[in-house]
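Following: one structure in structure tokens, then a few remarks.
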Amino acid sequence: MNIHEFQAKQILGRFGAPVPKGQPASTPEEAAAAFKALGQPKAVVKAQIHAGGRGKAGGVKLLSSADEAREFAAKLLGKPLVTHQTGPEGRVVRRVYIEEASQVARELYLGLLVDRNSGSVSVIASTEGGMDIEEVAAKTPERITTEAINPLLGLSGFVARKIAFSLGVKDKEVNQFVTLLTALHRAFWETDASLIEINPLVVTADGRVICLDAKMSFDDNGLFRHPDIRELRDPNEEDPAETEAAKFELSYVHLDGNIGCMVNGAGLAMATMDIVKYYGAEPANFLDVGGGANTEKVAAAFRILLSDKRVKAVLINIFGGIMRCDVLAQGVVEAAQQVSLSLPLVVRMEGTNVDQGKKILADSGIKVIAAADLADAARRVTEAIGARKAP
């Protein structure tokens, strides 16, 4: 789960990380009032959407009066902001954040993430703040420092200072950096975060080290421990299909292809997506209905697949272990009848009650293309939409 910048700064501030003062606003008048409340000659107004590149897209501006804040907020609120991460449709701005201005002397990059290579949380730091870290890694990897944090020992002062020195932080700034990084590390663990990104982390003209921007993502599986964080979810920033899938406890991720995939088991789902690509088509989604799915969940999954207008065919790949093939078949039949299915439907089933499942599909009156195995299913679904098969 992702949250907005102002929400991330509120959380990090509670853990002792230095963040500039600011207030969110959802109307132009609230933006003007927030500017006045800061009591500063200048403030920055930032569009709040779940995407990077807001500054380059015109979503961030330094202003000198409450009237300017009101006017700029009016231009942003209720309108889409298009950045390199949103796609051409952009994201509608529903909030802005009014924050005190900072005199920036240096911009750095600092992030914490779950590093599967090291099996731990790693700190990533770079002198190239304000830039996409992927671009830095591609062009100047020598400017990135990565430190895996031992999960038993935690973040030591030595490691924190080592990272500070790699960034060229000096004198009194070193202790500030150590305090800041320690706060971020504690926030990461205690909130079940999966990512904390401070880009840029800045050193100000008067020698302060502060989080000028902040991004936080959380492990959905840990949100039951954090009801306060769960309440920060903004459904307006999420794919409607993914939001609907979450209601039925389905693992769904929207992609850009045209083959709708319904599978039970994450590994089998990944293999299904891979073989669809191998045979010349592109998966429209990742969808794992799980091992214990019932008819209602399967029907909901099928409706979600078909709600994507880009889907030209559906591939169902089920191995009936815990989940029974007859349950899946009944769910598919119910959903297909509700939506008047007209797209090609390829089904490959093996496992528990497979014969009963195939009979339910055969007796349903729905046109089903039966596949013998996974490779056969991929061939048939790509042929159904006229995609070129792999050699």
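The values are calculated or read from the model by the stated rules, or taken from the named source; none is laboratory data. A quick note: this is a predicted structure, and the numbers were derived from the prediction, not measured. Using ideal geometry, Cβ is built from the backbone for each residue, glycine included, and neighbour counts are taken over all protein chains shown.
Can you name the residue in the range 159-194 that is of a type in the set (Gly, Ala, Ser) and closer than 11 Å to Gly16 by Cα and is also surrounded by the most Cβ atoms within 10 Å (Cβ to Cβ) among such residues? For the range 159-194, the residue satisfying everything is Ala187.
Please tell me if Glu89 is modelled with pLDDT under 95, out of contact with any Phe, Trp or Tyr (no Cβ under 6 Å at 6 or more places or on another chain), surrounded by fewer than 15 Cβ atoms within 10 Å (Cβ to Cβ) and assigned by TED's automatic domain parsing to the domain that holds Ser166. Judged against the criteria, Glu89 is not a match. Scanning the range 92-104 for residues being surrounded by 18 or more Cβ atoms within 10 Å (Cβ to Cβ) and assigned to a strand (DSSP E or B) gives a total of 5.
In the range 132-154, the count of residues that are within 17 Å of Cys211 (Cα to Cα) and outside any loop (DSSP other than H, G, I, E, B) is one or more. The residue that is surrounded by the most Cβ atoms within 10 Å (Cβ to Cβ), among those in the range 308-337 that are within 31 Å of the chain's Cα centre (by Cα) and in a helix (DSSP H, G or I), is Leu328. Among residues of the range 156-183 that are within 21 Å of Gly13 (Cα to Cα), those with a beta-carbon under 8 Å from a residue that is among the aromatic types (Phe, Trp, Tyr) at least six positions away or on a different chain give the pairs Ala160/Phe177; Ala164/Phe177; Val174/Phe165; Ala183/Phe15. Residues in the range 338-378 that are surrounded by 13 or more Cβ atoms within 10 Å (Cβ to Cβ), farther than 17 Å from Val263 by Cβ and among the charged types (D, E, K, R): Lys358, Lys359. Taking the range 55-75 as the range and being out of contact with any helix residue (DSSP H, G or I) (no Cβ under 9 Å at 6 or more places or on another chain) and buried (at least 18 other Cβ atoms within 10 Å of the Cβ) as the test, the residues that pass are Ala57, Val60. Close Cβ contacts (under 9 Å, 6 or more residues apart or on different chains) running from residues in the range 215-227 that are touching a residue at least 12 places away in the same chain (Cβ under 8 Å) to residues that are polar (S, T, N, Q) and in a helix (DSSP H, G or I) comprise Met216/Gln7.
If you check Glu107 against the conditions, is it part of a strand (DSSP E or B), crowded, with 19+ Cβ neighbours inside 10 Å and charged (D, E, K, R)? No.
Scan the range 50-66 and give yes if some residue there is out of contact with any Gly (no Cβ under 9 Å at 6 or more places or on another chain), without any contact (Cβ under 8 Å) to a residue 24 or more places away in the chain and hydrophobic (A, V, I, L, M, F, W, C), otherwise no. So far as the range 50-66 goes, yes, one or more of its residues are out of contact with any Gly (no Cβ under 9 Å at 6 or more places or on another chain), without any contact (Cβ under 8 Å) to a residue 24 or more places away in the chain and hydrophobic (A, V, I, L, M, F, W, C). Please verify whether the range 21-38 includes one or more residues that are of a type in the set (Val, Ile, Thr) and surrounded by 17 or more Cβ atoms within 10 Å (Cβ to Cβ). There is no residue in the range 21-38 that is of a type in the set (Val, Ile, Thr) and surrounded by 17 or more Cβ atoms within 10 Å (Cβ to Cβ). Determine whether the range 96-111 contains at least one residue that is farther than 19 Å from Val19 by Cβ and either assigned by TED's automatic domain parsing to the domain that holds Lys46 or modelled with pLDDT of 95 or more (or both). No, the range 96-111 contains no residue that is farther than 19 Å from Val19 by Cβ and either assigned by TED's automatic domain parsing to the domain that holds Lys46 or modelled with pLDDT of 95 or more (or both).
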